[in-house]
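For reference, the structure discussed in these notes is given below.
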Amino acid sequence: MSLVDIATQVVTPVTPVLGYVNTAAVSPDGYLYLNNVPYGEAAGDLLKYDLSTGEQLGDLPLTVGISLIRFSPSGKRVYIPVPGGSSGQGYIAIVDSESMQQVYTIPQCGTDFAVAPDGNIWSLCFPVGSSSIYEISGRIFSVIGVFSPTSAPVGISVSPDDGQVVINESGPSYGFQVIDPGTGSTAFIQTDISFLKLYGLVFRPAYIQ
């Protein structure tokens, strides 16, 4: 595997990765994290790399493969979802970026989640027999807000500009639920094409008029 600087077109080889990369992300403080799964294995490791040198800096063995990596605004905490399989008891694992050790878990959450500008975590969570949207403190990792989805939630995103939380919902009401964290108010935006499931959402940058 190699890192490519698009501006300078410099290619930096990194420690060889065996198998394949499940997912990868760059932290706010400039480090590369990826889930490397060697051939024949189901989970692999969470690896940390120095982007300037390609040096591997840390390694956390995983029990399952992951499809998502998120960070605290400082990059000092790494958040990864750990699926619960048929039991439904998945959780968000919180990893210290310096020690590359798991330091906390948020239970019954993690199907999809996003980190707000204030550092709080917004997650689709599934307590027994229900689905909810949790706001979780990014300091003490306890639930500080619970919201009920309008329909079946399948994805969640947070605006990087003002922290508006948007949940993609799929049937019987297809559309977007919007939560204002400041007031706790919610609104639902119905989509015209009801037979499509909404699995993706991106925000237009604030500087585009």
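Summary table
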| quantity | calculated |
| --- | --- |
| Residue in the stretch 109-132 that is at pLDDT 85 or above and farther than 25 Å from residue 28 by Cα present | yes |
| Total residues in the stretch 56-92, condition under 29 Å from residue 2 (Cβ atoms) and part of a loop (DSSP other than H, G, I, E, B) | 13 |
| Scan of the stretch 153-187 for residues that are among the hydrophobic types (A, V, I, L, M, F, W, C) and surrounded by 15 or more Cβ atoms within 10 Å (Cβ to Cβ), ordered by number | 154, 156, 158, 165, 166, 167, 176, 178, 179 |
| Neighbours by Cβ (under 9 Å, 6+ apart or cross-chain): first from the stretch 27-55, not assigned by TED's automatic domain parsing to the domain that holds residue 67; second of a type in the set (Lys, Arg) | none |
| Filtered residue count, the stretch 121-163, keeping only those that are closer than 24 Å to residue 103 by Cα, assigned to a loop (DSSP other than H, G, I, E, B) and among the small types (Gly, Ala, Ser) | 3 |
| Conditions (1) crowded, with 19+ Cβ neighbours inside 10 Å; (2) under 30 Å from residue 169 (Cβ atoms): number failed by residue 142 | (1) |
| The lone exception for residue 130 - which of (1) surrounded by 14 or more Cβ atoms within 10 Å (Cβ to Cβ); (2) over 16 Å from residue 63 (Cβ atoms); (3) of a type in the set (Gly, Ala, Ser) it fails | (1) |
| Residue within the stretch 36-45 that is within 23 Å of residue 91 (Cα to Cα), β-branched (Val, Ile, Thr) and crowded, with 16+ Cβ neighbours inside 10 Å present | yes |
| Residues within the stretch 93-108 that are in contact (Cβ under 8 Å) with a residue 40 or more places away in the chain and assigned to a strand (DSSP E or B), tallied | 4 |
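Results for (1) within 15 Å of the chain's Cα centre (by Cα); (2) within 19 Å of residue 84 (Cα to Cα); (3) among the polar types (S, T, N, Q), shown as yes or no for each residue.
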| residue | (1), (2), (3) |
| --- | --- |
| 116 | yes, no, no |
| 123 | yes, yes, yes |
| 138 | yes, no, no |
| 145 | no, no, no |
| 151 | no, no, yes |
| 157 | yes, no, yes |
| 160 | yes, no, no |
| 164 | no, no, yes |
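The values are calculated or read from the model by the stated rules, or taken from the named source; none is laboratory data. Since the model is a prediction, treat every value here as computed from it, not as a measurement. Cβ coordinates were reconstructed from backbone atoms using ideal geometry, including for glycine residues, and neighbour counts include every protein chain displayed.
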